[in-house]
């Protein structure tokens, strides 16, 4: 994990990065259920899951989101912080054995209405599976200090 | 975990429920870092965290969201499924030892533009700490089958 | 998890409930070994296990018991508490990939000899696998407040 | 972990052993909840637990049992297997930070009614805390091959 | 876990012991990544691993070492302590599903240059897989009190 | 986690890097014991640990090593692989709540005797606590492809 100061002005619209991949294992299903307390049979009961479309246990949406975001956590920018997420959508199911990566594109920038010395950067985050299909998408809103403010 | 069929028509605007509570422990911090791979020092380094506002390690936003949602997972509704989340916001930090609960209010209902036999139900989810302060808020969008469709 | 006050008088002999199911994974084996410190090769060594009847690793008895009991923990009754268990028996092995459910039947009721305002309720707990076979059975003794005492 | 063959005839009534100790941590509480799915606030909610006798979170009974049994798992006896437990009782609460040990006493021996070449050995298992108080007790029934049968 | 006092003089050159076995599971891979923060795709990405020699995910060297050492931790010697390790080598990859054992041979003994009342005992530790191949080797240096010093 | 090709010729003697920090928690102690099966009371029994120098539970050496190495795993160099470690020494105890960082210095370079197109790079790895004291040291031997070989 490296640290790099990137001011608002230095975020480039359209810039794209792709993370390393990670195979989602049965272990991750069990860990996430135990971590969150959500033991719904859709995630935990292989017999029940035979009755679902796809016929298999389906990953928790919150897990795909958490791991998808975690994959992007490789660079600390001390002048940015996370404001929230918009339009988080669960697009396709993730099954045991799927391998996911995250793609982050700088989608928009705008002044922050409340903080003159900050701007809002929206990162479009897509989680992709091993077939290149988007399984989750969301907009991550960052508040980033402007260089002039430093 | 019980199962109960609740059709679109039966969701009542303004209906509110409050979950049981859960103390967020140092263990949860370590588990979430290990689960997601996000070992940023804001979450994991008590020495570094002394330099932050509040002076302590701060919970991962994805953890507060995942556990906050997990607390609500007590009733299986076989005719509803999760479409996504809007306006997810991290409002206050969660520290080791804080106890959180989730409050869910039925905030709005509308026909689904694409599926005639389903409606959209928006649950307003707020995660509260032991002082009753909102630490996270989001809108959960459910797609729910209409009774007439059954 | 809901809360519901059920007094001694309201437990009905013969009442039966069946929990949701849960697939016992290799992860559960590893977690339970690490949680308890029991790394016996019967549970942890696939090569050794080839020499056992069934030819596979066998779940810890304490794990089948703990998860079997955990599956029933869906309703908080504030006027009942757990006194102990009798006749806990390990009837069939549980292997990786088996899916278990718990069935609870109210088997008997009697006044508590020491506490006039409480009664003893015995829940017969059976853990079943995906073939409907009983893998574990025990009698759970609850001490429950009488309504008249309230 | 060593292996030692001990036949039925070689179990000595009154023989006693005491395990090493283990401090029950907040981590164990969180792991056990996640492993079993039992997130009752008695175990997980420090605020709620202030209203309980003792004013603290209380360990799951199944955890004290599982770890108490696990502490004894130091010697593999290939001619013995676990039949079950009788009279499992939760005698005192275990709190975060308590240190437990297990004491095992050979309490009784008798021929097995069904298997001529085996006998039943009852181990009295007591889990003790750092004040020497018994927190859990049970009778562990072993089926052990007789030497003459070998 | 038993305790046995073994003085320097009582370690016998060439004495060998072999531990019980343990199957290395996908869970162990995920736990070790989460424990150490090392999510390199060689360990975690099944798709990427198809491009490696062997075509599968490879265990972390630090995991094979930690579990290999852990397998030997069955006897507490209160007059010995671990000084360090020399010549730790990763000889063959360990894959998901391999079963490992550790073999410990007393390889050398010598007076400790700094502590007259202690000697150095070198244990040669080899981790073997289910085919009897050495996957890891190292020299464990113990400092052990001499009997005369007691 | 980024990927960067660094050939043998490009490693600079004396180059030093320092990782981010990580607080070693009680959770890490419990996880490592459960992961390795080493439940020695020095690590797990707070009562016993009162009799040790320092009066507290001591981290497993294999854990400090594994996490210390894990902290350095931030950059994938596809032309380097880990050959092993020399002179691994446990210099000071690590206690619950200590915060560690790893410092890596390129200590030596030499041709590999067996592989003409590779060289050996020795990284001196030191794990430091929050007081800047070295708690663990070792020499990490990397085999790195030479640029001319590419």
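(1) within 21 Å of residue C:68 (Cβ to Cβ); (2) in contact (Cβ under 8 Å) with a residue 12 or more places away in the chain: which one isn't true of residue D:57, the others all being true? So residue D:57 meets the others, but not (1). Report yes if residue D:42 is farther than 28 Å from residue D:109 by Cα and within 14 Å of chain A (Cβ to nearest Cβ), otherwise no. Taking the combined requirement at face value, the residue does not satisfy it. Only residues that are over 13 Å from the mean Cα position of the chain (by Cα) and crowded, with 18+ Cβ neighbours inside 10 Å were counted in region F:97-106, giving 2.
Given the criterion at pLDDT 95 or above, surrounded by fewer than 21 Cβ atoms within 10 Å (Cβ to Cβ) and more than 23 Å from residue A:136 (Cβ to Cβ), identify the matching residue among B:109, B:116.
On the way: B:116 fails: at pLDDT 95 or above.
When all the criteria are applied, what remains is B:109.
Just so you know, in region E:12-35 the residues that are touching a residue at least 24 places away in the same chain (Cβ under 8 Å), touching a helix residue (DSSP H, G or I) at 6+ places or on another chain (Cβ under 7 Å) and not in a loop (DSSP other than H, G, I, E, B) include one that is nearest to residue E:72 (Cα to Cα), and it is E:22. Scanning region F:124-135 for residues that are away from every other protein chain (no Cβ under 14 Å) and crowded, with 19+ Cβ neighbours inside 10 Å yields a count of 0. Condition check: modelled with pLDDT of 95 or more, more than 8 Å from every other protein chain (Cβ to nearest Cβ) and under 16 Å from the mean Cα position of the chain (by Cα). Does residue C:49 satisfy that? Against the criterion (modelled with pLDDT of 95 or more, more than 8 Å from every other protein chain (Cβ to nearest Cβ) and under 16 Å from the mean Cα position of the chain (by Cα)), residue C:49 does not qualify.
Selection over region E:17-35 of residues that are within 14 Å of chain B (Cβ to nearest Cβ) and either in contact with a strand residue (DSSP E or B) (Cβ under 7 Å, 6 or more places away or on another chain) or crowded, with 24+ Cβ neighbours inside 10 Å (or both) gives a count of 6. When each of F:45, F:38 is tested for being out of contact with any helix residue (DSSP H, G or I) (no Cβ under 7 Å at 6 or more places or on another chain), crowded, with 19+ Cβ neighbours inside 10 Å and over 30 Å from residue F:146 (Cα atoms), the lone residue that passes is F:45.
Within region F:105-150, the set of residues being touching a strand residue (DSSP E or B) at 6+ places or on another chain (Cβ under 8 Å) and not in a strand (DSSP E or B) comprises F:112, F:115, F:117, F:129, F:130, F:146, F:149. Between E:52, E:75, E:71, E:128, the distinction of being free of Cβ contacts under 8 Å to residues at least 40 places away in the same chain and under 27 Å from residue D:73 (Cβ atoms) belongs to E:128 only.
Does any residue of region C:49-67 turn out to be out of contact with any helix residue (DSSP H, G or I) (no Cβ under 8 Å at 6 or more places or on another chain), surrounded by fewer than 19 Cβ atoms within 10 Å (Cβ to Cβ) and outside any loop (DSSP other than H, G, I, E, B)? Within region C:49-67 (the criterion being out of contact with any helix residue (DSSP H, G or I) (no Cβ under 8 Å at 6 or more places or on another chain), surrounded by fewer than 19 Cβ atoms within 10 Å (Cβ to Cβ) and outside any loop (DSSP other than H, G, I, E, B)), the answer is no, since none of the residues qualifies.
For the criterion of being farther than 21 Å from residue C:131 by Cα, surrounded by fewer than 21 Cβ atoms within 10 Å (Cβ to Cβ), modelled with pLDDT of 95 or more and out of contact with any strand residue (DSSP E or B) (no Cβ under 8 Å at 6 or more places or on another chain), residue A:10 passes. Of the residues making up region C:97-112, none is within 14 Å of chain F (Cβ to nearest Cβ) and either in contact with a helix residue (DSSP H, G or I) (Cβ under 9 Å, 6 or more places away or on another chain) or within 30 Å of residue A:58 (Cα to Cα) (or both).
Where residues in region D:68-88 are closer than 20 Å to residue F:34 by Cα and either in a loop (DSSP other than H, G, I, E, B) or more than 7 Å from chain C (Cβ to nearest Cβ) (or both), which of them is farthest from the chain's Cα centre (by Cα)?
Filtering region D:68-88 for residues closer than 20 Å to residue F:34 by Cα gives D:68-76.
Adding the requirement that they be either in a loop (DSSP other than H, G, I, E, B) or more than 7 Å from chain C (Cβ to nearest Cβ) (or both) leaves D:68, D:71-75.
Numbers: D:68: 4, D:71: 8, D:72: 7, D:73: 10, D:74: 13, D:75: 15 Å.
Looking at residues that are closer than 20 Å to residue F:34 by Cα and either in a loop (DSSP other than H, G, I, E, B) or more than 7 Å from chain C (Cβ to nearest Cβ) (or both), I get D:75.
Is there a residue in region F:74-90 that is modelled with pLDDT under 95 and either within 30 Å of residue D:30 (Cα to Cα) or crowded, with 24+ Cβ neighbours inside 10 Å (or both)? So far as region F:74-90 goes, yes, one or more of its residues are modelled with pLDDT under 95 and either within 30 Å of residue D:30 (Cα to Cα) or crowded, with 24+ Cβ neighbours inside 10 Å (or both).
What do you reckon, is residue D:61 closer than 25 Å to residue C:138 by Cβ and more than 14 Å from chain A (Cβ to nearest Cβ)? Yes.
The values are calculated or read from the model by the stated rules, or taken from the named source; none is laboratory data. Since we're looking at a predicted model, the values are computed, not measured. Cβ: placed from backbone, ideal geometry, glycine included. Neighbour counts: every protein chain shown.
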